[in-house]
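Single-structure report; data block below.
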Amino acid sequence: MADIGRDNTLTIIESSEHGLYLDGAPQGKILLPSRYVLPDMQAGSKVDVFIYNDSEDRLVATTEKPLAQVGEFAYLEVVGIHPNAGAFLDWGLSKDLLLPYREQGDIHFTVGDGAIVAVYLDEYTNRVVASTRLHNHLPAEKPDYEPNDPVQVLIYGDSPLGFKAIIDKRYRGLLYHEENSDRL
């Protein structure tokens, strides 16, 4: 089964003049466009791809790797603004990621701005989009870390207790002021 907005390992089922078709199970055939096809890719073999919707709402595969997948958070640059849709973010793919106006809150972005966003699958459009409303997307689950485990930290705010952080592109964290005062 192909998960939209995530990395997948799918089987190649046939080739066409436009590329290769992959077995997306219930989603049907998913095109891997010719520009991503390598000579050793052939029917029956498996390929690692990222799945998303193209501009015509068709599922498409790419071998490009996004900076964030569905369920993750990232700092992304605004590369375009559409007056009716919202901001477009560079997430490492040839197709930019939409940050709809309804998900921007009271922030007004311009080209060149950076945005800390949650990447999610919109349940109404079935498209991968972004949101600056981080609290709506931070899971309540606690990660299974041991003391002194290395983590990736993205600071997104401040509170009276410390710096609000996203840990490993997925979890809510807090870096207490009292524990960081000697490091700032």
### Query
In nanometres, what is the gap between the two model label sites at Asp106 and Glu179, each 7 Å from Cα along Cα-to-Cβ?
3.1
### Query
Given [x] 18.7, 56; [y] 15.1, 46; [z] 18.9, 61 as candidate values of Rg and Dmax of the Cα atoms in Å, which corresponds to the one derived from the coordinates?
[z]
#### Entry: Calculated from backbone phi, Karplus (6.51, -1.76, 1.60) coupling profile of the stretch 122-139 in Hz, x at Gly/Pro
5, 5, 8, 9, 6, 10, 7, 9, 10, 8, 8, 7, 4, 4, 6, 10, 6, x
### the stretch 8-79, Cα convex hull volume normalised per residue, Å³
116
### Query
Summing +1 for each Lys or Arg and -1 for each Asp or Glu, what net charge is found among the other residues whose Cβ lies under 14 Å from the Cβ of Asn126?
-3
### Query
Volume per residue, Å³, of the convex hull around the alpha-carbon atoms of the stretch 45-153?
154
### Message
Out of the total accessible area of the stretch 1-43 (probe 1.4 Å, heavy atoms of protein only), what percent is carbon and sulfur?
### Response
48
### Task
Please report, in Å, the Rg and the Dmax of the stretch 60-102, where both are computed over Cα atoms only.
10.8, 31
#### Entry: Most to least packed among 143-155, 57-69 [average Cβ atoms within 10 Å]
57-69, 143-155
### Query
Tally Lys/Arg at +1 and Asp/Glu at -1 over every other residue whose Cβ is under 14 Å from the Cβ of Asn53; what's the total?
-3
### Task
Send over a whole-number figure in Å² for the accessible area per residue of the stretch 70-184, probe 1.4 Å.
62
### Task
Starting from the amide H of Arg127, placed 1.01 Å from N in the peptide plane, find each other amide H under 5 Å away whose residue is 5 or more places distant or on another chain.
Asp122
### Task
Roll a 1.4 angstrom probe over the protein heavy atoms and tell me the percent of accessible area of the stretch 55-184 that is carbon or sulfur.
49
## Note on the structure
Around Leu154 (Cβ within 14 Å, Cβ-to-Cβ, excluding Leu154; K/R +1, D/E -1) the net charge comes to +1
## Note on the structure
A correct Stokes-Einstein calculation for the stretch 120-165, using the alpha-carbon Kirkwood radius, 10 °C and 1.306 mPa s, returns a whole-number D in µm² s⁻¹ of 118
### Query
Can you list the lysines whose alpha carbon is less than 21 Å from that of Lys65, not counting same-chain residues fewer than 8 positions off?
Lys29, Lys46, Lys95, Lys169
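The values are calculated or read from the model by the stated rules, or taken from the named source; none is laboratory data. Predicted, not measured: the structure shown is a model, and the values here were computed from it. Every residue, glycine as well, gets a Cβ built from its backbone with ideal geometry; the counts of neighbours run over all protein chains shown. Side chains are part of the model used for accessible areas, which takes the heavy atoms of the whole protein and leaves out ligands, DNA and RNA. Shrake-Rupley method; radii C 1.70, N 1.55, O 1.52, S 1.80 Å.
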